[in-house]
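Notes to accompany the following structure.
The values are calculated or read from the model by the stated rules, or taken from the named source; none is laboratory data. Quick caveat: nothing in here was measured; it's all calculated off a predicted structure. With ideal geometry, Cβ positions are generated from the backbone for all residues, glycine too; neighbour counts draw on all protein chains shown. Remember, those area values only see protein heavy atoms, side chains included, never the ligands or the DNA or RNA. Shrake-Rupley method; radii C 1.70, N 1.55, O 1.52, S 1.80 Å.
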Amino acid sequence: MIVLPADTRETILERAREGDPDEICGILGGEYEPDGKSRVHSQYPATNVAETPRTRYEIDPEEQLAIFERLENRGEEIVGFYHSHPRGPPRPSATDEAQATWPDRSYVIVSLESLEIGSWRWRTGSDGQFERERVGGD
C-alpha cells in the first residue's frame, strides 16, 4: 500500500491537468514503514524530456539527481515516481513496464480520462512485473 496525502494527490492531479496533452512526471519522497507501506511526505515535479511527451515520459537525468540529493538532505527515501496518462487508464503501459528499473518502488499513474489515480509496485524476479497496490489517504 502507498499512503498518498490528499493535498499531494490534488497537486499531482492539477499538474496533470495543466500539462495536458503531454505526460507530466515527478518523484515521490517519504518513508517505508515496517508493515510494507510506503508513506509519501513530498512530491517533486520533474521535467518530461521524452522525445514524444504526449505518449511517454522521461525525467531529465540532471534534474533527477538534484531531486535525489534534496530527498537525501531531507532524510527522505525515494518511495516512487509518478506520471500521467492524458488519454489512457491509470495502469502501466507496455512502455512503462519495459522502462521500470526501481525495484519495490511505487509507480503512481494519473489518468485524465477518468480522473483516477492508480499505483503499481515494481517487483523484480525472473521477468519483473508490476503489482497493483492500494492507494490510501492520510
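For the chain, which whole-number percentage of the solvent-accessible area (1.4 Å probe, protein heavy atoms only) is attributable to carbon and sulfur atoms? Walk me through the numbers before you get to the answer.
Numbers: 3230 of 7300 Å².
Whole-percent figure for carbon plus sulfur exposure: 44.
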Self-check item: Loop trypsin sites (Lys or Arg not before Pro), segment 15-92, which have at most 16 other Cβ atoms in a 10 Å radius of their Cβ (DSSP)
Solution: Lys37, Arg54, Arg74, Arg87
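Work out, in µm²/s and without decimals, the Stokes-Einstein translational diffusion coefficient of segment 37-138 at 20 °C, 1.002 mPa s, Rh from Kirkwood over C-alpha pairs.
Details: Rh = 14.4 Å.
For the chosen part, D equals 148 µm²/s.
Show me the GluC sites (Glu not before Pro) within segment 86-138 that DSSP assigns to loop and that have at most 13 other Cβ atoms within 10 Å of their Cβ. Write out the running numbers ahead of the final one.
Numbers: sites: Glu97, Glu113, Glu116, Glu131, Glu133; in loops: Glu113.
In loop regions of segment 86-138 (DSSP not H, G, I, E or B), the sparsely surrounded GluC sites (Glu not before Pro) are Glu113.
Quick one: compute the contact order of the chain, relative version, from alpha carbon pairs under 8 angstrom and 6+ residues apart, as a percent.
26 percent
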Self-check item: Difference of contour (0.36 nm per residue) and Cα-Cα distance, Asp127 to Arg17
Solution: 36.2 nm
Practice problem: May I ask you to list the residues of segment 14-52 whose amide nitrogen lies under 11 Å from a point 7 Å from Cα along the Cα→beta-carbon direction of Ala66? | Solution: 46-47
Quiz item: So in the chain, what percent of DSSP beta bridges are antiparallel if you round to the nearest 5?
Solution: 70 percent
Practice problem: Over the chain, average the accessible area per residue using a 1.4 Å probe and give it in Å², no decimals. | Solution: 53 Å²
